[in-house]
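A short worksheet on the structure shown next.
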Amino acid sequence: MTMPHTTPTENQEKPVVIVDARRWPLPPTRRLAGLPIFLRTLLTLERAGAGRLRILGGDHRTVLEGLLVRRSPRIPVEFVTDDSTSDAAGEKTVVEACALYEPGRLNDALAGGCTVADARWCALDTATDLSRASGLLWRSLRKPIENDGVVAYFLGRPVSRLVSRLIIGTPITPNQVTIASGVSALAGAFLLTQSLILGAALYWFSFVLDCVDGELARLRFQGSRTGQWLDTIADDTATVAFSAGLSVVMLDINTAAAIVGFVAAGIYALSCIPVYRALRHLPTIDTAQYPYFFMGEKGAAAEEKNLWTLLAYGFRRDVILFLHLIFSLVSCLWCMFLLQFVINAGMAFITWLDVTVKALRKA
């Protein structure tokens, strides 16, 4: 059985990997963090840079082929007989299917930087091994606090991982969670006129779901450029909608301030256009990687932090939403309104300044 998803020339420089799937102490259909063990191994190899997979299925071949009917890697996959490996095994990497591998280390192994054994997190021979492997996968989702932000690290991620654990075994996709995140934010914006607390709480929950979609995508290998665009646009739409919601509430208190709020929200929305144009040319669609002229090529996501990237923490979505939640608990509408106005006006000013500076440099 051969399942080509790409032309040979696309993978000719990438290694061919033999996957030994003849031994299964646990059923290959057994799920680990939402995926059958066998499929997880193949997708891990794909992420690690394999160009073609040759499967030794043995007596399990029929079952393994059935697992690949609904989903399989995008690289060519073929099942081979035991006799066909005698010559190939000396030239190609052999990976045992019933084990959990760390993609980064496995990439090194495929490149000859280490052995496959060095890339193996743990064997999957018993239920205890499966439980340990699950723990390793969930812990791998944790980002360093300097990258994730203090609020997200201590308050957002613990809740998002709990939600992710609840739905990891369901058919719910990351893109569906992204849409749910956007709906939650829009509902929060709409309900601000009824209750500041309820509106801010739903806005905060949208951030939690925004974390969940990424966690599901990483664990189930469902990340896509379309999903990244959807996530980015949903975040910015939520920002504009919540800003408009606050301005609507302000109409009964200070009409002039409300109008200024609407204008700031509109200017922020327009400032997204040059950002999106730049993101089209980046490998990852992430506004944190927008290369502002004063931050460097990787923007706020750069590993080496400077004064500007540290100041950018004050504009992080997790911080802003948490402050909205705190202000709503003390019924400080003006605090929420001014916070959002400063964020909208500040981000718009920085973006348009960046556009102007880059245009002058090209002139």
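Please treat every number below as a calculation from the coordinates, not as lab data. Predicted, not measured: the structure shown is a model, and the values here were computed from it. Here the Cβ positions follow ideal geometry from the backbone for every residue, glycine too, while neighbour counts run over all protein chains shown.
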Expected sort for THR178, THR237, THR62 with the fewest Cβ neighbours (10 Å cutoff) up front is THR62, THR237, THR178
Residues SER195, SER164, SER184, SER331 arranged by fewest to most Cβ contacts within 10 Å
SER331, SER195, SER184, SER164
Check which residues have an amide H placed less than 5 Å from TYR290's amide H, if you skip close sequence neighbours.
ALA300
Top positive-direction residue, dipole computed over the range 36-183 with Cβ charges, set PRO103, VAL151, ILE167:
VAL151
Ordered by residue, what ³J(HN,Hα) values in Hz, to whole numbers, does the range 254-260 give under the Karplus form 6.51 cos²θ - 1.76 cosθ + 1.60, where θ = phi - 60° and Gly and Pro are x?
8, 4, 4, 4, 4, 5, 4
Under-5 Å amide H pairs with TRP121, H placed in peptide plane, nonlocal only:
LEU100, TYR101, GLU102
Suppose each label sits 7 Å from its Cα in the direction of the beta carbon; what would the ARG165-ILE267 distance come out to in nanometres?
4.6 nm
Rg over Rh of the range 145-362, using C-alpha atoms and the Kirkwood radius, what does it come to?
0.96
If one compares the long axis through the Cα atoms of helix 225-250 with the longest principal axis of the Cα atoms of the chain, the angle in degrees, nearest 10, works out at 20 degrees
So in the chain, which Cys have no other cysteine's beta-carbon sitting under 4.7 angstrom from theirs?
CYS98, CYS114, CYS122, CYS211, CYS272
